[in-house]
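**Student:** My questions all concern the structure below.
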Amino acid sequence: MSAQTPYDLVGVGIGPFNLSLAALADGVPGLNALFLDAKPAFSWHPGLLLEGTTLQVPFLADLVTMADPTSPWSYLNYLRSHDRMFPFFFSERFLIPRREYDHYCRWAAERLPSCRFDARVTAVAWDAGAGAFALTYRSSDGTTTRVLARQVVLGVGTDPVVPAPLRPLLADEHRGRVLHSADYRTHRAALAAADDVTVIGAGQSGAEVVLDLIRHQDGQGLGGPFTRWLARTPAFAPMEYSKIGLEHFTPDYIRYFRHLPEDRREQLVREQWQLYKGVSADTLGAIHDELYERTIGGGRPRADLHPGTELVAAEPTTDGYLLTCRHAPQDSEFTVRTSAIVAATGYSARRPAFLDTLGDLVDWDDKGRYRVDGRYRVALDPRVDGTLYVQNAEMHTHGVGAPDLTLGAWRAATILNAVCGRTVLPVPDRAAWTTFGAPQGTPAPAGAPTPAAERRPDTVGTPR
């Protein structure tokens, strides 16, 4: 392609979701696609690739299978290409190791011709003369390249969230002693040698860090760090994993959720924390087993678990940190001293700096978030004839399934069909037994939004 010929599609960021789109788009006749990422190679949460950790979704939630099980980019074909089909079959695994999922994605990313790494996108602008988006990216050797695209898909991922009291402690002088769980593996050995480590956050990452630290204690719980687990949630609760409960991760629930009032959507996301912030029952069980082992012979585990607790303040001391905590149900405060802090406090969608060059052409909502329609198109100014899509930045409009790998291939197929203007891959109209919302024909209360089946589709903002 010449530098002046627009690509049909350019993806920015190559995480699992845009990699899924690249895999499904591979081989589509007449589709010119390019995917760019600043990293030198594919990498997925390297700080949490601990031995023994697994995905929280079945292996069928790979890059392609839920949309196209015949694709050569499936996890099963990955196993076949590595002569591992029989070992996998005999292992009877449904949840695969997290390290293996990372390796599978790297296998796909290295072979897909549309994926280009060492390509940091620095600007996305609208070129009215070309009738396309102009993307500028830079490689590590300083080379700058400009490409055109009729349609752009943002898959830049999310950034670690750190509680406000800890942010001043992220300076270099505290490196390795105050960190987000995203960097845990890098500082794992030093933390295991600390006297006392406090882990904040009741999700899967927090549980895995707690379990790993406890396992660094000897059998009597004498060596290794004293491990403290704090969480705002009222309990260290398992993730909702019932067969009917998992139907919240279906296209049916997304359609229902999208047409709820904004305040109700935000309330639901907060209330549904166990759908996406809970811990696997196996991990909770393993923590309990490790603690139980250390009581044999009259011992006591060197660990404390504090649910319902919020971090209020943190300040450095001569030998560590003083944490002020508030126990919400009792409305009381207490302090603890610790040598190191791991914030397993999740991630949030970010607004990439390279969109600043689009100026006011993106129609942000009043909270500075994307307005996203049913085909994952971002609302833009009518002067823009191209289309901007987004992946994993739409929990506020599409619900708790936004960051979940279960829906990755389905969402990518939905975007691919929209990009091509035709059905390249069929997506199901109905995937759940559950009827979310009132059944059709039931009178709606006064003032309720018009049901999805009775309204024109995709009328969020002015997507183009």
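**Student:** Using r as the Cβ-Cβ distance of R146 and T423, and R0 as 25 Å, what FRET efficiency do you calculate, to the nearest 0.05?
**Tutor:** 0.15
**Student:** Out of the total accessible area of the stretch 246-386 (probe 1.4 Å, heavy atoms of protein only), what percent is carbon and sulfur?
**Tutor:** Ligands and nucleic acids excluded, carbon and sulfur reach 47 percent.
**Student:** Further question: Multiply the residue separation of S139 and L170 by 0.36 nm, subtract the distance between their alpha-carbon atoms, and state the gained length in nm to one decimal.
**Tutor:** Working: separation 31, 0.36 × 31 = 11.16 nm, distance 2.82 nm.
Here the answer is 8.3 nm.
**Student:** In square angstrom, what is the accessible area per residue of the stretch 230-321 with a 1.4 angstrom probe?
**Tutor:** Heavy-atom accessible area per residue stands at 54 Å².
**Student:** Let me ask you something else. Using alpha carbons only, how many degrees (0 to 90, rounded to 10) separate the axis of helix 204-215 from the longest principal axis of the chain?
**Tutor:** For helix 204-215, the angle is close to 30 degrees.
**Student:** So how much slack lies between T122 and D159, counting 0.36 nm per residue of separation and subtracting their Cα-Cα distance, in nm?
**Tutor:** 11.6 nm is the gain from fully extending T122 to D159.
**Student:** Just the number, please: percent antiparallel of the DSSP beta bridges in the chain, rounded to the nearest 5.
**Tutor:** Of those bridges, close to 55 percent are antiparallel.
**Student:** Using just the helices of the chain, give the 222 nm mean residue ellipticity in deg cm²/dmol: DSSP H runs with n ≥ 4 each add -39,500 (n - 2.57), and the total is spread over all residues, rounded to 500.
**Tutor:** -6500 deg cm²/dmol
**Student:** With each pseudo-label sitting 7 Å past Cα toward Cβ, what's the E271-E51 distance in nm, one decimal?
**Tutor:** Taking the two extended label points, one gets 4.4 nm.
**Student:** What does the charge count around G203 come to, taking other residues whose C-beta lies under 12 Å from its C-beta (Lys +1, Arg +1, Asp -1, Glu -1)? Mind dumping the intermediate values first?
**Tutor:** Details: positive: R232, K277; negative: E208.
Counting the neighbours of G203, the net charge comes to +1.
**Student:** Shifting gears a bit: Can you send over the carbon and sulfur percentage of the accessible area for the stretch 1-133, probe radius 1.4 Å, protein chains only?
**Tutor:** Carbon and sulfur atoms account for 55 percent of the accessible area of the stretch 1-133.
**Student:** Also, I was wondering about something else. Please calculate how many Å² of accessible area the stretch 99-145 carries per residue, with a 1.4 Å probe and no DNA, RNA or ligand atoms counted. Display every interim value, and only then the final one.
**Tutor:** On the way: 2190 Å² over 47 residues.
Solvent-accessible surface per residue comes out at 46 Å².
**Student:** Extension gain F436-R300, at 0.36 nm per residue separation less the Cα-Cα distance, in nm?
**Tutor:** Here the segment from F436 to R300 would lengthen by 44.2 nm.
**Student:** Tell me the net charge near T317. Cut-off is 14 Å between Cβ atoms, T317 excluded, with +1 for each Lys or Arg and -1 for each Asp or Glu.
**Tutor:** Details: positive: R177, R337; negative: E173, D195, D196, E315, D319.
My count for the surroundings of T317 gives -3.
**Student:** For the peptides 123-129, 343-349, what is the packing order when you average, over each peptide's residues, the other Cβ atoms within 10 Å and list the highest mean first?
**Tutor:** Going from most to least packed, we get 343-349, 123-129.
**Student:** Residue by residue through the stretch 353-364, what is 3J(HN,Hα) from phi via Karplus (6.51 cos²θ - 1.76 cosθ + 1.60, θ = phi - 60°)? Round to whole Hz and write x for glycine and proline.
**Tutor:** 4, 5, 7, 4, 6, 7, x, 8, 7, 8, 8, 6
**Student:** Expressed as an acute angle from 0 to 90° and rounded to the nearest 10, what is the orientation of the C-alpha long axis of helix 281-293 relative to the principal long axis of the chain?
**Tutor:** Helix 281-293 and the main axis of the chain meet at about 10 degrees.
**Student:** Please compute the net charge surrounding R138, taking Lys and Arg as +1 and Asp and Glu as -1 over other residues with Cβ under 11 Å from its Cβ.
**Tutor:** Value of the local net charge: 0.
**Student:** Shifting gears a bit: Between the helical axis of 262-271 and the dominant principal axis of the chain, each derived from Cα atoms, what acute angle in degrees is found, rounded to the nearest 10?
**Tutor:** 30
**Student:** Set the Förster radius R0 to 45 Å, insert the Cβ-Cβ distance between A190 and N32 as r into 1/(1 + (r/R0)^6), and round the FRET efficiency to 0.05.
**Tutor:** Values: r = 48 Å, r/R0 = 1.06.
The computed FRET efficiency comes out at 0.40.
**Student:** Could I ask something else about it? Using the heavy atoms of the protein chains and a 1.4 angstrom probe, tell me the accessible area per residue for the stretch 348-399 in square angstrom.
**Tutor:** 40
The values are calculated or read from the model by the stated rules, or taken from the named source; none is laboratory data. If you're wondering where the values come from, they're calculated on a predicted model, not measured in any experiment. Glycine also receives a Cβ, built like all others from the backbone with ideal geometry; neighbour counts cover every protein chain displayed. Remember, those area values only see protein heavy atoms, side chains included, never the ligands or the DNA or RNA. Shrake-Rupley method; radii C 1.70, N 1.55, O 1.52, S 1.80 Å.
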